[in-house]
Amino acid sequence: MLIDVHCHMNLYLNIDEIINEAKNFGIDKIIAVGMSALSQKRILEIAEQYESVYPALGIHPEEVKMNKNIESELDSVIDLITSNGSKLCAIGEIGLDHHFIKEKELYPLQIKIFNQMLALAQKLQLPVNVHTKGAEKLIFETLTSYNLTNVNIHWYSGPEKYLKLGIDRGYYFSITPAIKYSPAVKKTASLLDNNHLLLESDGPVKFSGKLGTPAMIKDVLNEISLIKKVLIDELEEIILQNTKNIFPRLFNKE
């Protein structure tokens, strides 16, 4: 069984096709992550409609630039997440971004929202799905302030120093299709112990010009097996157990 732990399902126009393709490639479950204030309800609707989709809600750090009203909308988003807490498998996608977001005056609002999302994860006893681009130091410092059930760092490509710190803390790291061409992602996969690896598509982000879909995580598994020199079937079983450990609510229906 393969599981995509990080996908923006609400951004696809052809969800039926995406899910059918995923099933054909052996992907049985997909975590649909929220980003914007607007996306939260849509994620819940998709998860209700499709048995293989599981919701994770949260505010992405880019929302401080994309939505000028996010600060005033934050309380309503938190209320929505709280009221649907029993349906969620994680809080995400949350984090900080000092790479794509260049406007430093927006950073205080990013950290405010990140802290509120972490507090919510602690309250609801849910794992977090974290975006770290260009803000690794601050994120790793902030995470220690909360009692979190588990942490997944998605698509990590930052300094090796913080990767090793995350490894020491027992964080999980989800690997994207960028492993085919990105030295940083290859390094992340090679340095991780097998028991903290996860798979993600981050779809519909494009990889080498090709639209990302959950079906692609089968290729990610194959690439990791080559790097780690582990048989594909063995690695698939290990990663399945990892996914059960960090996201147990994915398996409540079974």
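Just subtract the alpha-carbon distance of residue 123 and residue 38 from 0.36 nm times their residue separation and send over the number in nm, one decimal. Working shown, then result.
On the way: separation 85, 0.36 × 85 = 30.60 nm, distance 2.27 nm.
Residue separation times 0.36 nm, minus the Cα-Cα distance, leaves 28.3 nm.
Please arrange 132, 149 by accessible surface area, largest first, computed with a 1.4 Å probe and ligands excluded. Write out the running numbers ahead of the final one.
Values: 132 5, 149 70 Å².
If we order 132, 149 from most to least accessible, we get 149, 132.
Which lysines does residue 112 reach when only Cα atoms under 23 Å apart count, and residues fewer than 8 places away in its own chain are ignored?
Within the straight-line cut-off, residue 112 pairs with 41, 65, 68, 102, 104, 123, 133, 137.
HN-Hα J couplings of segment 127-135 from phi, Karplus 6.51/-1.76/1.60, θ = phi - 60°, integer Hz, Gly and Pro as x?
x, 10, 10, 10, 9, 10, 4, x, 10
Which value in nm describes the separation of the simple spin-label points at residue 219 and residue 112, placed 7 Å from the Cα toward the beta carbon?
4.2
Between residue 99 and residue 137, 0.36 nm times their residue separation minus their Cα-Cα distance comes to what? Show your work: numbers first, answer last.
On the way: separation 38, 0.36 × 38 = 13.68 nm, distance 1.29 nm.
Contour length minus the Cα-Cα distance gives 12.4 nm.
Rounded to the nearest percent, how much of the accessible area of the chain (1.4 Å probe, protein heavy atoms only) is carbon and sulfur?
Details: 5730 of 11310 Å².
That share works out to 51 percent.
With every protein chain kept in place and ligands, DNA and RNA left out, what is the accessible area per residue of the chain? Probe 1.4 Å, answer in Å².
Details: 11310 Å² over 254 residues.
Here the residues of the chain average 45 Å² of exposed surface.
Pick from 174, 208, 157 the residue whose mean-square fluctuation is largest in a GNM of the chain, springs joining Cα atoms under 10 Å.
208
Given contacts defined as C-alpha pairs under 8 Å and at least six residues apart, what's the relative contact order of the chain, whole-number percent?
The value is 20 percent.
Among 236, 51, 223, determine the one that fluctuates most according to a GNM of the chain built with springs between C-alpha atoms less than 10 Å apart.
Highest fluctuation among the options: 51.
Report the dimensions of segment 185-254 along its three principal axes from the alpha-carbon atoms, largest first, rounded to Å.
That gives 36, 29, 19 Å along the principal axes, largest extent first.
Round to a whole angstrom and tell me the spacing of the C-alpha centers of segment 1-56 and segment 57-124.
20
Calculate, for residue 245 and residue 210, the FRET efficiency according to 1/(1 + (r/R0)^6) with r their C-beta to C-beta distance and R0 41 Å; round to the nearest 0.05. Don't jump to the answer; show the numbers that get you there.
Numbers: r = 31 Å, r/R0 = 0.75.
Approximately 0.85, to the nearest 0.05.
The values are calculated or read from the model by the stated rules, or taken from the named source; none is laboratory data. Predicted model, so just to flag it, every value in this text is computed and none were measured. Backbone-built Cβ (ideal geometry, glycine too); neighbour counts: all protein chains shown. Side chains are part of the model used for accessible areas, which takes the heavy atoms of the whole protein and leaves out ligands, DNA and RNA. Shrake-Rupley method; radii C 1.70, N 1.55, O 1.52, S 1.80 Å.
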